[in-house]
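Structure, as structure tokens:
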Amino acid sequence: MRQWSGLEAYTHLDSRFAYRKHYQLTPWSDCSEVYWSQCVQAYVTQVAQREICVAVTTRNAKQRIAVALQEFPELAERLENAQTTTVERGALTSMHQLERVTCGNVALIGDASGTVDAITGEGLGLSFSQAVVLASCFKSGNLDGYQDAHRRLALRPLLMARLMLTLDGHSSFQQRTLRAFRRHPEVFRRLLALHVGSLSPFHIALDGLTLGWGLLTA
């Protein structure tokens, strides 16, 4: 549909690879966990009382879960004797921006209208926000406002994805950033609030200066 509508042109495309598998294992934490090595991230999430999901993202298509776990020996040890409950599945995760998302009476929504990297956890949330705006445009009988609203909604997730991915492949920068967050936990809390949309970017200018100084002195 995107091709038929002449909306295939994009302004930016950057892809990584993501894989996931479920394990029959009692979760050891009620929190989601993120593991980060130089070029791969792993995510552990509880999905049932005795089941967890392990996902990895990487720029190397051959670095699937078994290979990626070599980067995280502590996690690999926890999973060593766990039975898998699903097969391993994979997909592309992309930063994909289109030049336009409307043409005549056609409007794109969700991943068809552009994507943010899975590291943000924003895919479904962004789609729901777009749906609310698009419904208003349908009600008014005019799709003109959807293009600008779509770009505005994607701005924060795209910004946060690029900020987080600047750490990818730079282990020393990762360590300095984490040390700065440990010294200034309030900065981390406010960046997280910015990420989920409960804080405006204009309110964290001072935090940016604090984080910058923290990186210089970490």
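Does Ala66 satisfy the criteria of being surrounded by fewer than 16 Cβ atoms within 10 Å (Cβ to Cβ) and within 15 Å of Arg20 (Cβ to Cβ)?
Working: surrounded by fewer than 16 Cβ atoms within 10 Å (Cβ to Cβ): yes; within 15 Å of Arg20 (Cβ to Cβ): yes.
It is true that Ala66 is surrounded by fewer than 16 Cβ atoms within 10 Å (Cβ to Cβ) and within 15 Å of Arg20 (Cβ to Cβ).
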- Within the bounds of region 12-24, is there any residue that is buried (at least 18 other Cβ atoms within 10 Å of the Cβ) and over 20 Å from the mean Cα position of the chain (by Cα)? yes
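Scan Leu194, Leu163, Leu143, Leu155 and give me the residue that is buried (at least 17 other Cβ atoms within 10 Å of the Cβ) and either free of Cβ contacts under 8 Å to residues at least 40 places away in the same chain or not assigned by TED's automatic domain parsing to the domain that holds Gly110 (or both).
On the way: Leu163 fails: buried (at least 17 other Cβ atoms within 10 Å of the Cβ); Leu143 fails: either free of Cβ contacts under 8 Å to residues at least 40 places away in the same chain or not assigned by TED's automatic domain parsing to the domain that holds Gly110 (or both); Leu155 fails: buried (at least 17 other Cβ atoms within 10 Å of the Cβ).
Answer to the check: Leu194.
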- Query: For Leu79, which of the numbered conditions (1) more than 30 Å from Ala131 (Cβ to Cβ); (2) free of Cβ contacts under 8 Å to residues at least 12 places away in the same chain fails to hold?
  - Reply: (2)
- Inspect region 118-138 for any residue being outside any helix (DSSP H, G or I), under 27 Å from Arg16 (Cα atoms) and either modelled with pLDDT under 85 or touching an Asp or Glu at 6+ places or on another chain (Cβ under 9 Å) (or both) and give the result as yes or no. yes
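Considering only residues that are in contact with a strand residue (DSSP E or B) (Cβ under 9 Å, 6 or more places away or on another chain) and part of a loop (DSSP other than H, G, I, E, B), look in region 39-61 and name the one that is farthest from Leu167 (Cα to Cα).
Let us first name the residues in region 39-61 that are in contact with a strand residue (DSSP E or B) (Cβ under 9 Å, 6 or more places away or on another chain), namely 39-48, 50-61.
With the extra rule that they be part of a loop (DSSP other than H, G, I, E, B), the set shrinks to 39, 50, 59-61.
Numbers: Cys39: 9, Arg50: 33, Arg59: 13, Asn60: 16, Ala61: 19 Å.
So the residue we want is Arg50.
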- Can you give me the number of residues within region 104-117 that are over 17 Å from the mean Cα position of the chain (by Cα) and either surrounded by 15 or more Cβ atoms within 10 Å (Cβ to Cβ) or in a helix (DSSP H, G or I) (or both)? 3
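Based on this model, can you work out whether Gln97 counts as assigned by TED's automatic domain parsing to the domain that holds Ser113, in contact with a strand residue (DSSP E or B) (Cβ under 8 Å, 6 or more places away or on another chain) and either buried (at least 18 other Cβ atoms within 10 Å of the Cβ) or on the phi > 0 side of the Ramachandran plot (or both)?
Yes: the conditions hold for Gln97.
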- Query: Do you know which of the residues in region 29-38 that are surrounded by fewer than 17 Cβ atoms within 10 Å (Cβ to Cβ) and in contact with a strand residue (DSSP E or B) (Cβ under 9 Å, 6 or more places away or on another chain) is nearest to Thr93 (Cα to Cα)?
  - Reply: Val34
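The values are calculated or read from the model by the stated rules, or taken from the named source; none is laboratory data. Note that the coordinates shown come from a computational prediction; the quantities given were computed from them, not determined experimentally. We place every Cβ from the backbone using ideal geometry, glycine too, and count neighbours over all the protein chains shown.
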